[in-house]
1. Can you give me the distance in nm between label points at Arg19 and Ser74, each placed 7 Å from the Cα along the Cα-to-Cβ direction?
2. Report the residue, chosen from Ala132, Ala94, Ala142, that carries the largest GNM mean-square fluctuation when the chain is represented by alpha-carbon nodes joined by springs under 10 Å.
3. Project the alpha carbons of segment 97-151 onto their principal axes and report the range along each, largest first, in whole Å.
4. Please check which bits of segment 132-155 a label hung off Arg113 would reach, taking the label as a point 7 Å along Cα-to-C-beta and the cut-off as backbone N under 20 Å.
5. Pick from Val88, Val163, Val123: which is most flexible by mean-square fluctuation in a GNM of the chain where alpha carbon atoms under 10 Å apart are linked?
6. Computed FRET efficiency, Cβ-Cβ of Ser83 and Glu61, R0 22 Å: what is it to the nearest 0.05?
7. Taking the convex hull of the alpha carbon atoms in segment 3-171, what volume per residue do you get, in Å³?
8. Which whole-number percent is the relative contact order of the chain (Cα, under 8 Å, 6+ apart)?
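Values in this text are rule-based calculations from the coordinates and carry no lab data. It should be emphasised that the depicted structure is a prediction, and the values quoted were computed from it without experimental measurement. All Cβ positions, glycine included, derive from the backbone under ideal geometry; neighbour counts span all protein chains shown.
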Amino acid sequence: MGTVTIGVSIAVPEPHGSRLQQLRTGFGDAAAHGIPTHVTLLPPTEVDAGDLPAIETHLSEVAATGRPFPMRLSGTGTFRPLSPVVFVRIVEGAEACTWLQKQVRDASGPVARELQFPYHPHVTVAHGIEEAAMDRAFEELADYEARWPCTGFALYEQGADGVWRKLREFPFGSLVVPPQSGRADLGSVTAH
């Protein structure tokens, strides 16, 4: 049956997703057209295609235990010089993203894996481009702000053309979104 490359992420909704994708393209990131704007929960991972049903079952179970939470983006950050990435910072919802990615990568689950770097939720706006363009992305988005209620996540597959396509969405088990606050606590995403 072969292998496929999958990823799990929280999509940045419209109009924010398209705007950030267009800006990323404008900074000279050639891969941007094929990468929907997102917050990664599981980085690109090669799996046997026959394992997809078990992976979808696992993700359904993770989503069932989650609750919607407020997401807020504000300003920029970078992983340079360690990694050539400029990103928009998550200032509300980061704890919930961290909790979710741990559940997705759970050692007893079908996509258990170690990460190359410690998990740091973010929205990439420039990756692997020339330094001057990275600086421009960092500066131009320094005042960027967006917020929305995160109500689930999705499974994506990378095609042979390099484009990431959504396979399935996984809405959280509860539809109640906690009020916007200064910080999200873990109680807003874990089942009680």
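1. So the two model labels end up 1.6 nm from each other.
2. Ala132
3. Principal extents (largest minus smallest coordinate, Cα): 43, 29, 14 Å.
4. Inside the label zone: 153-155.
5. Of Val88, Val163, Val123, the Gaussian network model singles out Val163 as fluctuating most.
6. Efficiency, from the Cβ-Cβ distance: 0.10.
7. Output value, Cα hull per residue: 106 Å³.
8. Working: 388 pairs, mean separation 62.6, N = 192.
After rounding, I find 33 percent.
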